[in-house]
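The values are calculated or read from the model by the stated rules, or taken from the named source; none is laboratory data. Quantities reported herein were computed from a predicted structural model and do not represent experimental measurements. Because the Cβ atoms are built from the backbone with ideal geometry, glycine has one as well, and the counts that use them run over all protein chains shown.
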Amino acid sequence: MRLRDIRALGSVNHLNEKHVSALRKIASIGGIHSYIAISSRELGETLEMSQQSASKRILELLEEGYIERDLGARRQRIRITEKGVEELRKEYNEYRRIFEYTDHIILNGTITAGMGEGGYYICQQQYMVQFQDKLLFKPYEGTLNIRLDKEDVGKLEIVRNSSGHLIKGFNRDGRSFGDVVAHKSKIRNIDCAIVIPERSHYEDIIEVVCQYHLRRTLSLTDGDRVEIRVEL
């Protein structure tokens with residue numbers, strides 16, 4: 001594994017391993033989709049610990065909001081919350097980084113209309129100078145917006161956790177322009193970059209800058225499918 005990957009992994013502060021292990025076990029027996037009936041003793045057996053320790057583990061997960069519990073039935077029923085699912089998803093993405101990816105990742109999606117703000121921000125001189133220095137090209141004054149396929153949205157977390165190139169924010173005329181991280185990419189072998197603003201409006205849409213007007217150069221229109229290769 002590369003040094004920067006090790007640093008990236010070490011910088012992500014998720015649940016500690018004992019809690020992740022419990023969540024994995026609960027998920028593996030169906031608790032990620034619905035309530036499951038399981039006693040502290042049974043959970044303790046699967047985790048190879050005492051009933052007392054398993055009971056404490058459940059209480060810790062409840063307190064942190066990673067699981068929820070129903071005591072209305074004769075046996076306790078527990079289910080992983082969305083917060084818990086998100087933690088497992090982060091762990092999953094870290095393992096994908098280790099075992100599936102080398103120096104790049106492929107994202108797929110469809111071209112979509114943006115909010116019309118990309119050009120305004122990109123053409124700010126303080127940003128433009130940094131883009132030229134870090135990406136070695138002067139971006140066209142606008143962004144290409146790609147709505148990621150549902151199954152690829154999780155990959156974006158891997159991109160965010162990679163180093164990228166920091167484009168520092170600034171203040172001008174009483175207005176604050178936040179930091180942006182640029183990740184070098186390619187679309188059909190054309191050099192470009194995904195830009196992820198510090199304050200992003202999107203969760204499933206990426207904004208791409210390039211020295212060319214990508215819609216014209218590649219004859220792209222809304223709804224067209226596109227694949228983007230992102231450096232890690």
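Counting only strands (runs of 3 or more DSSP E) wholly contained in the stretch 16-119, the ones carrying 1 or more residues that are more than 19 Å from the chain's Cα centre (by Cα) and more than 30 Å from Gly223 (Cβ to Cβ) occupy 67-70, 77-80. When Lys134 is tested against (1) in contact (Cβ under 8 Å) with a residue 40 or more places away in the chain; (2) closer than 19 Å to Val226 by Cβ, only condition (2) is not met.
With respect to being modelled with pLDDT of 80 or more and loosely packed, with under 13 Cβ neighbours inside 10 Å, Glu86 falls outside the description.
Within the stretch 41-49, at least one residue is without any contact (Cβ under 8 Å) to a residue 24 or more places away in the chain, in contact with a Ser or Thr (Cβ under 6 Å, 6 or more places away or on another chain) and crowded, with 16+ Cβ neighbours inside 10 Å.
Taking the criterion of being buried (at least 17 other Cβ atoms within 10 Å of the Cβ), in a loop (DSSP other than H, G, I, E, B) and not β-branched (Val, Ile, Thr), the residues of the stretch 133-157 that qualify are Pro139, Tyr140, Gly142.
Check Gly119, Gly114 and return the single one that is of a type in the set (Gly, Ala, Ser), crowded, with 16+ Cβ neighbours inside 10 Å and over 29 Å from Glu17 (Cα atoms).
Gly114
Filtering the stretch 137-165 down to residues that are basic (Lys, Arg) and more than 18 Å from Glu227 (Cβ to Cβ), which residue is modelled with the highest pLDDT? If you could, list the steps in order and put the result at the bottom.
Kept after step one, since they are basic (Lys, Arg), are these residues of the stretch 137-165: 138, 147, 150, 155, 160.
With more than 18 Å from Glu227 (Cβ to Cβ) added as a condition, the list becomes 138, 160.
Working: Lys138: 92, Arg160: 87.
Per the criteria, the residue is Lys138.
With the condition kept exactly as written, say whether any residue in the stretch 123-131 is over 25 Å from Arg216 (Cα atoms), assigned to a loop (DSSP other than H, G, I, E, B) and at pLDDT below 85. Among the residues of the stretch 123-131, not one is over 25 Å from Arg216 (Cα atoms), assigned to a loop (DSSP other than H, G, I, E, B) and at pLDDT below 85, which makes the answer no.
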